[in-house]
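Have a look at the structure below, then the notes.
No value in this document is a laboratory result; all are computed from the given coordinates. Since the structure is predicted, the reported quantities are computational estimates derived from the model, not experimental observations. Cβ atoms come from the backbone with ideal geometry, glycine included; neighbour counts cover every protein chain shown.
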Amino acid sequence: MSALELDLGDLGFDEGAHLLVKRALAGVAIGAEVVVRGGASSLAIDLETWCRAQGHGWAAAGAGARDGAHVASVRRGRAEAGRWHGATRAGGITPAAIVDHPPASWGLAPRGATVEAGVAVHDFALAERRLVWADEAPRLYAQAAAAQWDPATAIPWDAPADQPAEVEDAIVQLMTYLVENETAALLVPARFLGQVHPHFREVMQLLAIQVADEARHVEVFARRAALRRDALGLSTAGGQASLATLVREPDFALASFLLSVLGEGTFLSLLWFIRDHAPDLATREVARLAAQDEARHVAFGLAHLSRHAGEDAHLRARLAFAVERRHATLAATAGLNEEVFDALVLLAAGGWEPAAIRRGHAAVRALQREMDAGRRQRLGRLGFTAGEAEALSALHTRNFM
């Protein structure tokens, strides 16, 4: 079979001729030849330099018979030759093709790319699949990306509100409490985001959206607090001490457990409570939309920790110890501040009549029992026995988060 011929005309390598040569070589087998002809004055030297860099064979054939054109024979080299010597494939394209331990030598290469030898090395602390991965991550990311909402248009800020002044003050206190808790919930995933190996890009993307969710929650809670008041409510030392234990936790699994499985899971009950008892539409929508986002955060936390626990027999003991250690750290603090508890009672009561206050107080006690039941259920999904789940749930911070 005669060699494939490629006529470049007067197109030079400084004008893109290499693209045509690459295309021609891609159409032949390794070891096969392509005869390249062209009239550009520097074609011979440019073609030889390019072939050496790419790992292809090259042989000059002198001037051609037509119009003094240069002619050369290019033999297609192997994939590992030339510039691709030592190159590796960064796993497969799909999530199903991820590897357990992507190396630091892959750098920032996307999954499925060919990584040239000598790229900059990036060391990522979270570079093991068991530490971060969840099979649900791609689905949860797609769901999160589709469910983003605009605080300016999604909340009916101008909706009428005729609640008593004291109920409005209670809402302001609750929103103040939510702002500082959601600030902590923003800082925790933000801390770990840059530690995730890009090979697990769906997890990286999901954490990024989680940070964006929390930023949006901080905005809408603060805006609702200031909607009819010039100042926000009380921030207590006990509440901030509780949140500090989350922000300072250096272990990704433990931080995810304390924040997403226990804290945000408990917060889901709180947000649904606020939605159900809110006296105005803006407050209801703020709580409802935030709860939808938080449900995804909890789902990812449960998914990746369930997988992790299945591969690490010691993880559940570490999780239990994290709860016990946090409880001991916060033993001397006041827990949930009185202002927040009373604000929840008044929100549920809707007024100052004794019967209403009794009803509101009972509703908050029921909320606390619901929070406990939810924590025990989530702990059970991670493999804790009913007795273990009951004991650990009882040790969870009284500050809810």
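Observations on the model:
- Here r is the Cβ-Cβ distance between V119 and D150 and R0 is 41 Å; the resulting FRET efficiency, rounded to 0.05, is 0.60.
- Theoretical FRET efficiency, 1/(1+(r/R0)^6), r = Cβ-Cβ of E311 and R381, R0 22 Å, to 0.05: 0.85
- The gain in end-to-end length when the R365 to A53 segment is fully stretched comes to 105.0 nm, 0.36 nm per residue minus the alpha carbon separation.
- Fewest-first ordering of V218, V28 by other beta carbons within 10 Å of each residue's beta carbon gives V28, V218.
- Prolate/oblate/rounded call for region 319-391, Cα gyration tensor, a/c under 1.5 rounded: oblate
- Ordering W106, W50 from the fewest to the most neighbouring beta carbons within 10 Å gives W50, W106.
- Note on L108, L207: ascending count of other Cβ atoms within 10 Å places them as L108, L207, the fewest first.
- 19 Å cut-off, amide nitrogen to a point 7 angstrom out along A208 Cα→Cβ, residues in region 143-159: 143-150
- Extension gain (nm, one decimal) between A3 and D276, 0.36 nm per residue minus Cα-Cα: 90.5 nm
- Helical content alone sets the calculated 222 nm signal of the chain at -18000 deg cm²/dmol, taking -39,500 (n - 2.57) per DSSP H segment of four or more residues and averaging over every residue.
- Take the Cβ atoms of D230 and E324, set R0 to 56 Å, and the FRET efficiency comes out at 0.85.
- Structure-derived Cα extents along the principal axes in Å - corresponding label in (i) 108, 51, 33; (ii) 190, 61, 51; (iii) 78, 62, 43: (i)
- Between helix 338-349 and the chain: long-axis angle, C-alpha atoms, 0 to 90°, nearest 10: 80 degrees
- Contact order relative to length of region 129-395, as percent, for alpha carbon pairs under 8 angstrom and 6 or more apart: 26 percent
- Between the helical axis of 17-26 and the longest alpha-carbon principal axis of the chain there is an angle of about 90 degrees.
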